[in-house]
1. Contact list please: Cβ distance under 6 Å, first residue in the range 175-203 and within 17 Å of G84 (Cα to Cα), second residue among the aliphatic types (A, V, I, L, M), pairs at least six apart or on different chains.
2. Go through (1) modelled with pLDDT of 95 or more; (2) more than 29 Å from T2 (Cα to Cα); (3) touching a Lys or Arg at 6+ places or on another chain (Cβ under 6 Å) one by one and return the number of the condition D150 breaks.
3. Anything in the range 181-215 that is modelled with pLDDT of 95 or more and closer than 11 Å to T18 by Cα? List them, or say none.
4. How many of the residues making up the range 53-63 are in a helix (DSSP H, G or I) and crowded, with 18+ Cβ neighbours inside 10 Å?
5. Which residue is surrounded by the most Cβ atoms within 10 Å (Cβ to Cβ), if the candidates are limited to the range 12-24 and must be aliphatic (A, V, I, L, M) and under 14 Å from the mean Cα position of the chain (by Cα)?
6. On the basis of being more than 18 Å from the chain's Cα centre (by Cα) and at pLDDT 95 or above, does A174 make the cut?
Amino acid sequence: MTTPPPAGAALFLDIDGTLLDIAARPELVVIPPGLPALLARLWEDRGGGLAIISGRPLADIDLFFPNRLPAAAEHGAILRDATGTIHELSRRPAAFAHWLAALNAAALEMPGVLIEEKNVSLVIHYRQAPECGERLRGLAERLIAEAGPDVALLKAHMAFELRPRGSGKDTAVAWFMAHPPFAGRKPVFIGDDVTDEPAIALANELGGMGLHVARDFAGSPQAVRDWLAAL
């Protein structure tokens, strides 16, 4: 079991693969009984020093955890601070409609591929069609190259995300750490994907704890939940 966090640490928690077990499709995840209440207790016990840091849209976060916790949605593109104020750090790229049409057309030819439309980005999920991964990578890279330098391709586990350049989970953690009630604390970030690695590294650099589900919790979101409950 991973050691407890520093006293008074601020908690930053990813959702899929960290708090929740991965599902075949994003909408099929199961919220374990008691998890929303656990997060609410941790938020209260830490004086508001807990935030969700996820690639999910803010609507999904609030559907899963209806306590309206501080949150960074869509990999930090949209933030909700401790007062409930929304900050949009990125906007939908001009190429969004073109991307959506091209990706939906491609998905029609590849059963099992899912195109997820978010507020500022698009995600190609191919967990149910792994044989399509390289073809989809090529398409995504071409669309990004055509759109210019203000957009980027985010590579995740069994997914590619086309999105504005500039935001990320690490920049979201840094933003929260500059504002109350997070400022002055040690950050603890827990994630599971390659998209979480920059935030894990940042938490360690700031003297806190950057934890990876595979490396620190034997790949088990249940172990993460048990660790949080023990706090």
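The values are calculated or read from the model by the stated rules, or taken from the named source; none is laboratory data. Model, not experiment: these values are computed from the prediction. Here the Cβ is made from the backbone with ideal geometry for all residues, glycine too, and neighbour counts use every protein chain on show.
1. Between residues of the range 175-203 that are within 17 Å of G84 (Cα to Cα) and residues that are among the aliphatic types (A, V, I, L, M), the close pairs are F176/A51; P181/A82; F182/A10.
2. With respect to (1) modelled with pLDDT of 95 or more; (2) more than 29 Å from T2 (Cα to Cα); (3) touching a Lys or Arg at 6+ places or on another chain (Cβ under 6 Å), D150 is out only on (1).
3. Passing the criteria: F189, I190, G191, D192, D196, L211, H212, V213, A214.
4. Just the residues of the range 53-63 that are in a helix (DSSP H, G or I), to begin with: 58-63.
Next cut, crowded, with 18+ Cβ neighbours inside 10 Å only: 58, 60-61.
Residues meeting the conditions: 3.
5. Pass one, the range 12-24, residues aliphatic (A, V, I, L, M): 13, 15, 19-20, 22-24.
Within this subset, residues satisfying the condition of being under 14 Å from the mean Cα position of the chain (by Cα) are 13, 15, 19-20, 22.
Values: L13: 23, I15: 23, L19: 25, L20: 19, I22: 16.
The residue in question is L19.
6. Working: more than 18 Å from the chain's Cα centre (by Cα): no; at pLDDT 95 or above: yes.
Considered against the rule, which asks whether it is more than 18 Å from the chain's Cα centre (by Cα) and at pLDDT 95 or above, A174 comes out as no.
Here is a yes/no grid of residues against (1) assigned to a helix (DSSP H, G or I); (2) in the same structural domain as V123 (by TED's automatic domain parsing); (3) surrounded by 12 or more Cβ atoms within 10 Å (Cβ to Cβ); (4) at pLDDT 95 or above:
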position	(1), (2), (3), (4)
T2	no, no, yes, no
E27	yes, no, no, no
A37	yes, no, no, yes
W43	yes, no, yes, yes
A51	no, no, yes, yes
P66	no, no, no, no
A72	no, no, yes, yes
L79	no, no, yes, yes
G84	no, no, no, yes
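Residues checked against (1) farther than 19 Å from S54 by Cβ; (2) of a type outside the set (A, V, I, L, M, F, W, C); (3) touching an Asp or Glu at 6+ places or on another chain (Cβ under 9 Å):
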residue	(1), (2), (3)
L122	no, no, yes
A159	no, no, yes
S167	no, yes, yes
D170	no, yes, yes
G191	no, yes, yes
R215	yes, yes, no
R225	no, yes, no
